[in-house]
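The values are calculated or read from the model by the stated rules, or taken from the named source; none is laboratory data. Bear in mind that the values here come from a model prediction, so they are computed numbers and not experimental data. Cβ sites come from the backbone with ideal geometry, for glycine too, and all protein chains shown count toward neighbours. Note: accessible area is taken over every heavy atom of the protein model, side chains too, but ligands, DNA and RNA are not part of it. Shrake-Rupley method; radii C 1.70, N 1.55, O 1.52, S 1.80 Å.
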Amino acid sequence: MLQGKWLTAFFGIVLAIACGGHAWAQGTIKVAYTDPLSGPFAQVGDANLKQMQYIIDYINSKGGALGKKFELVPFDNKSQPSDALIALKSATDQNMPFIMQCSGSNIAAALIDGVNKHNDRNPDNRIIYLNCGAVATELTNEQCSFWHFRFDLHVGMKAEVMVRSLPKEVKKVYLINQDYLFGQSVQREVKNYLAKLRPDVQVVGDELIPLGKVKDFSPYITKINASGAQALLTGNWGPDMNLLIKAGVDAGADLRYYTFYAHLAGGPTAIGVGGDNRVLAVMSFGENVAPEIGNKEAEAFAQGFRDKHKFDFSAAGFRTIFEYLQGAVNKAGSVDPTKIALAMEDLTVKDFLGFDTRMRKEDHQIISEYFVGTFKKGVKYDAEGTGLGWATSATILAKDVDQPNTCKMKRPSAS
Amino acid sequence: MEVFVVSLLNGLVYGMLLFMLASGLTLILSMMGVLNFAHASAYMLGAYFAYTISVYIGFWPALIIAPLLCGLIGAAIEMWGLRRVHRNGHIAELLFTFGLALIIEKVVQMSWGLLPVPYRVPELLDFPLFKIYGTQFPAYRAFMLAISALMFGAIWLGLTRTRVGLVIQAALTHPDMASALGHNVPRIFTLVFAAGTALAGLAGVIGGNYQVTEPAMAFTMGPIVFVVVVFGGLGSLTGCFIASILMGLIQTFAVVFDVSLADLLAKFGFTVTSSTPFAEVLNVTLPRVGALLPFLMLVLILVFRPRGLMGTRDT
């Protein structure tokens with residue numbers, strides 16, 4: 001009996017807190033955020049979440065938009081498209097104007113489809129999908145949607161940057177990618193740009209691995225070694241990235257690694273000292289970019305995150321997203337998703353490093369600067385306490401990544 | 001040839017790691033009939049304990065202390081958890097360990113964070129032992145091989161040549177008889193469960209820095225260990241050993257052989273073109289499905305030889 005009373009009291013308190021919280025949050029602009037927060041890729045979602053929270057606090061301290069603050073509402077999607085769609089349903093049920101998702105192009109494809117259908121059926125309760133990192137090229141070409149805005153360069157652009165950064169003496173390369181929409185996109189685009197820009201380079205191996213299933217990459221390294229490859233090109237992310245490079249470094253393979261995601265949380269720890277001057281990452285930001293170009297303000301911003309959390313700040317792109325939101329909401333003068341989407345088109349923002357960026361109207365793909373970082377000793381900010389960090393070896397300006405698109409966008413009828 | 005030799009070594013190392021994990025589980029499963037879903041969680045705990053201990057007092061003490069800690073946790077789980085649940089049958093036990101696995105994962109995430117921890121190979125062993133056809137063979141892998149071989153020997157001798165081992169074997173097949181003879185069967189159960197968990201912990205200690213120590217490591221190792229146990233057969237340590245090595249080798253060699261069903265058909269003079277039915281499936285190469293092969297074998301052995309490779313009784 002006593003237990004029953006305690007339970008009632010407990011739920012009473014929980015209810016009171018929940019209601020109180022709700023009332024307080026009324027005046028915010030809510031952004032639903034869905035990514036894996038549990039399961040094998042949880043580290044990726046969690047790192048994103050922490051960085052976004054840091055950025056939102058900053059944006060809110062700069063006045064938010066229309067006098068309102070942004071609020072992030074996380075939903076775990078366990079790397080499953082079906083769970084992401086449940087998150088979308090909750091977001092639209094609560095009338096949130098934005099849903100954001102970063103990890104997994106297969107999930108992004110499902111979300112684009114879901115958002116399109118929802119917006120068609122519910123013209124007075126629309127939602128905008130902010131894509132913070134699902135980069136399969138198709139998403140802004142064949143699958144492009146008026147409601148989808150991508151804030152990271154797509155695979156085609158990243159692949160071009162990667163291929164251009166291959167040194168002259170590399171003649172034989174090996175490709176390993178994850179066997180799903182994104183990995184296959186990387187495989188196709190890298191081969192495409194190799195053929196176009198570096199016909200002298202020979203692809204000696206081309207492999208797809210099951211997503212998140214391989215526990216020991218040593219056999220792959222053996223195979224790569226036997227093929228005589230000088231460089232390994234991979235779009236892998238999460239444990240598939242970390243275990244792959246760790247296996248290569250442990251075997252002392254004489255390889256250079258060209259990656260999209262080695263700089264993300266967990267990567268540097270897995271690579272370790274053995275990867276000195278061997279691992280390159282095509283990335284939107286590295287902590288050493290700001291000191292290298294002498295931007296004190298950006299340096300302090302990244303430093304602020306490091307002081308608060310135990311890992312590195314890699315997601316400068318997220319700050320650009322919220323600056324776009326701020327700009328578009330202010331320009332639209334309302335939180336109506338249709339007006340915001342229109343305001344976002346062809347919007348330009350000078351990002352916090354001082355480079356020009358633009359949200360391309362034709363396919364809703366951001367055009368921004370990009371960097372190639374080399375993992376080595378002797379940099380100002382080391383990564384994850386390894387003593388090594390990302391030195392910028394190339395900076396590619398927005399105008400140089402501006403590839404054509406094949407998007408035929410269906411726009412909402414004027415209303 | 002060079003690929004073959006290196007792959008053989010890699011497969012052996014991976015197989016031995018699997019064996020360390022699976023041997024404990026096979027003991028628990030065959031003796032208590034408990035399919036312990038939390039077994040791989042002990043592996044993860046072993047790695048995390050070893051990391052934390054190695055930060056303060058170094059790797060070598062961790063090698064002893066971490067498995068002991070895991071064993072203690074195992075004993076506690078058996079005495080205060082499983083023994084009560086046992087009365088309600090096997091399904092209850094299964095669900096109990098399943099819940100436990102989820103809880104342990106969450107606790108690990110909360111205590112050590114979601115990111116991999118920098119658990120490294122000890123400096124003493126951080127050098128290439130030898131170089132074979134341009135690929136270094138790290139000394140640490142040889143160390144892993146040695147530890148697991150030692151362990152196999154120790155368990156085998158312990159089970160077949162000592163009094164305790166004989167009592168365990170008796171309790172394994174005839175618990176009521178052993179009990180009637182005055183042996184404390186529940187205590188034996190606790191002992192076996194603790195020993196099994198400690199073995200998993202030991203596997204974690206030496207596997208955590210070979211792979212990456214992160215909260216998902218239990219989740220990724222779990223299924224394959226079950227495959228090994230079922231494939232090897234209940235109540236047979238030798239079967240478990242053979243199954244582990246086999247799985248290690250299969251997964252390693254599956255990566256190396258770039259063949260597809262289409263290539264196989266071509267040998268019989270049948271060419272697969274894009275218009276052939278199922279051309280997509282026929283053209284999938286072995287490395288793309290390598291990670292699934294153990295599960296295919298699990299299905300096959302359950303259909304054709306349900307008691308497993310060297311099992312002494314049905315599951």
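With region A:228-311 as the region, which strands (runs of 3 or more DSSP E) entirely inside it contain at least 2 residues that are at pLDDT 85 or above and out of contact with any Phe, Trp or Tyr (no Cβ under 9 Å at 6 or more places or on another chain)?
Because the criterion is at least 2 residues that are at pLDDT 85 or above and out of contact with any Phe, Trp or Tyr (no Cβ under 9 Å at 6 or more places or on another chain), the strands (runs of 3 or more DSSP E) in region A:228-311 that meet it are A:256-259.
List the number of the failed condition for residue B:87; all other conditions in (1) within 14 Å of another protein chain (Cβ to nearest Cβ); (2) open to solvent by 40 Å² or more (accessible area, probe 1.4 Å) hold.
It fails just one condition, (1).
Does residue A:98 qualify as being surrounded by 21 or more Cβ atoms within 10 Å (Cβ to Cβ) and over 25 Å from residue A:186 (Cα atoms)?
yes
Among the residues of region A:264-286, which ones are within 30 Å of residue B:126 (Cα to Cα) and open to solvent by 20 Å² or more (accessible area, probe 1.4 Å)?
Selection gives A:264, A:265, A:273, A:274, A:276, A:277, A:278.
Report, by residue number, each residue of region B:122-141 that is outside any strand (DSSP E or B) and either in contact with a Ser or Thr (Cβ under 7 Å, 6 or more places away or on another chain) or open to solvent by 30 Å² or more (accessible area, probe 1.4 Å) (or both).
Hits for region B:122-141 are B:123, B:124, B:126, B:127, B:133, B:134.
All but one of (1) in a helix (DSSP H, G or I); (2) over 16 Å from the mean Cα position of the chain (by Cα); (3) away from chain A (no Cβ under 14 Å) hold for residue B:296; which doesn't?
Only one criterion is unmet by residue B:296, namely (3).
So, in region A:166-182, how many residues would count as being in contact (Cβ under 8 Å) with a residue 40 or more places away in the chain and either closer than 28 Å to residue A:106 by Cα or of a type in the set (A, V, I, L, M, F, W, C) (or both)?
Count: 11.
Taking residue B:35 as meeting all but one of (1) open to solvent by 10 Å² or more (accessible area, probe 1.4 Å); (2) assigned to a helix (DSSP H, G or I), write down the number of the exception.
Among (1) open to solvent by 10 Å² or more (accessible area, probe 1.4 Å); (2) assigned to a helix (DSSP H, G or I), the lone unmet condition for residue B:35 is (2).
Pick from region B:128-149 the residues that are more than 21 Å from residue B:211 (Cα to Cα) and not hydroxyl-bearing (Ser, Thr, Tyr): which of them is farthest from the other protein chains (Cβ to nearest Cβ)?
B:132
Applying the selection to region A:330-366, what residues are open to solvent by 60 Å² or more (accessible area, probe 1.4 Å) and closer than 20 Å to residue A:139 by Cα?
Scanning region A:330-366 gives A:342, A:346, A:358, A:361, A:362.
Determine whether residue A:67 is under 16 Å from the mean Cα position of the chain (by Cα), modelled with pLDDT under 90 and over 30 Å from residue A:277 (Cβ atoms).
Answer is no for this residue.
For residue A:254, work out the one condition from (1) within 10 Å of chain B (Cβ to nearest Cβ); (2) surrounded by fewer than 19 Cβ atoms within 10 Å (Cβ to Cβ); (3) in contact with a strand residue (DSSP E or B) (Cβ under 9 Å, 6 or more places away or on another chain) it doesn't fulfil.
Single failed check for residue A:254: (3).
Working only within region A:265-284, note down all residues that are closer than 22 Å to residue B:210 by Cβ and either β-branched (Val, Ile, Thr) or within 11 Å of chain B (Cβ to nearest Cβ) (or both). Don't jump to the end; show me each part of the working.
Of all residues in region A:265-284, those closer than 22 Å to residue B:210 by Cβ come to A:265-276, A:278-279.
Scanning region A:265-284 gives A:265, A:266, A:267, A:268, A:269, A:270, A:271, A:272, A:273, A:274, A:279.
Quick check, is residue A:37 over 22 Å from residue A:324 (Cβ atoms), touching a residue at least 24 places away in the same chain (Cβ under 8 Å) and assigned to a helix (DSSP H, G or I)?
Numbers: over 22 Å from residue A:324 (Cβ atoms): yes; touching a residue at least 24 places away in the same chain (Cβ under 8 Å): yes; assigned to a helix (DSSP H, G or I): no.
In short, no.
Here are some conditions: (1) within 14 Å of the chain's Cα centre (by Cα); (2) of a type outside the set (Val, Ile, Thr); (3) open to solvent by 20 Å² or more (accessible area, probe 1.4 Å). Residue B:187 meets all but one. Which one does it not meet?
(1)
Test each condition in (1) closer than 20 Å to residue A:303 by Cα; (2) within 21 Å of the chain's Cα centre (by Cα); (3) away from chain B (no Cβ under 14 Å) for residue A:395 and report the one that comes out false.
Of (1) closer than 20 Å to residue A:303 by Cα; (2) within 21 Å of the chain's Cα centre (by Cα); (3) away from chain B (no Cβ under 14 Å), only one is false for residue A:395: (1).
Which of the residues belonging to region B:214-242 are part of a loop (DSSP other than H, G, I, E, B) and surrounded by fewer than 22 Cβ atoms within 10 Å (Cβ to Cβ)?
Going residue by residue through region B:214-242, those that are part of a loop (DSSP other than H, G, I, E, B) are B:214-216, B:233-236.
B:235, B:236, listed by residue number.
Tell me, which residue of region A:214-234 that is out of contact with any Lys or Arg (no Cβ under 9 Å at 6 or more places or on another chain) and more than 14 Å from chain B (Cβ to nearest Cβ) is surrounded by the most Cβ atoms within 10 Å (Cβ to Cβ)?
Here the answer is A:233.
This table checks each residue for (1) outside any strand (DSSP E or B); (2) at pLDDT below 90; (3) of a type in the set (Gly, Ala, Ser); (4) more than 17 Å from the chain's Cα centre (by Cα).
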{"residue": "A:383", "(1), (2), (3), (4)": "yes, yes, yes, yes"}
{"residue": "A:386", "(1), (2), (3), (4)": "yes, yes, no, yes"}
{"residue": "A:390", "(1), (2), (3), (4)": "no, no, no, yes"}
{"residue": "A:404", "(1), (2), (3), (4)": "yes, yes, no, yes"}
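Here is a list of conditions, (1) open to solvent by less than 60 Å² (accessible area, probe 1.4 Å); (2) modelled with pLDDT under 85; (3) part of a helix (DSSP H, G or I), and residue B:169 meets all of them except one; can you say which number that is?
It is condition (1) that residue B:169 fails.
Taking region A:194-214, which residues are touching a Phe, Trp or Tyr at 6+ places or on another chain (Cβ under 8 Å) and of a type in the set (D, E, K, R)?
Matches in region A:194-214: A:206, A:207.
To keep it simple, each residue is scored yes or no on (1) open to solvent by 10 Å² or more (accessible area, probe 1.4 Å); (2) part of a helix (DSSP H, G or I).
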site	(1), (2)
B:41	no, yes
B:52	yes, yes
B:91	yes, yes
B:98	yes, yes
B:115	yes, no
B:120	yes, no
B:143	yes, yes
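Could you tell me whether region A:50-71 includes any residue that is open to solvent by less than 30 Å² (accessible area, probe 1.4 Å) and within 14 Å of chain B (Cβ to nearest Cβ)?
Yes - at least one qualifying residue is present in region A:50-71.
Failed condition for residue B:106, given (1) within 30 Å of residue A:38 (Cβ to Cβ); (2) modelled with pLDDT of 90 or more; (3) open to solvent by 90 Å² or more (accessible area, probe 1.4 Å), with all others met?
Looking at each condition in turn, residue B:106 falls short on (2).
Working only within region A:183-213, note down all residues that are open to solvent by less than 20 Å² (accessible area, probe 1.4 Å) and part of a strand (DSSP E or B).
A:205, A:207, A:208, A:209
Could you count how many residues in region B:243-259 are surrounded by fewer than 19 Cβ atoms within 10 Å (Cβ to Cβ), within 13 Å of another protein chain (Cβ to nearest Cβ) and not charged (D, E, K, R)?
Count: 3.
Only one of B:182, B:204, B:208 is away from chain A (no Cβ under 14 Å) and small (Gly, Ala, Ser). Can you tell me which?
So the residue among B:182, B:204, B:208 that is away from chain A (no Cβ under 14 Å) and small (Gly, Ala, Ser) is B:182.
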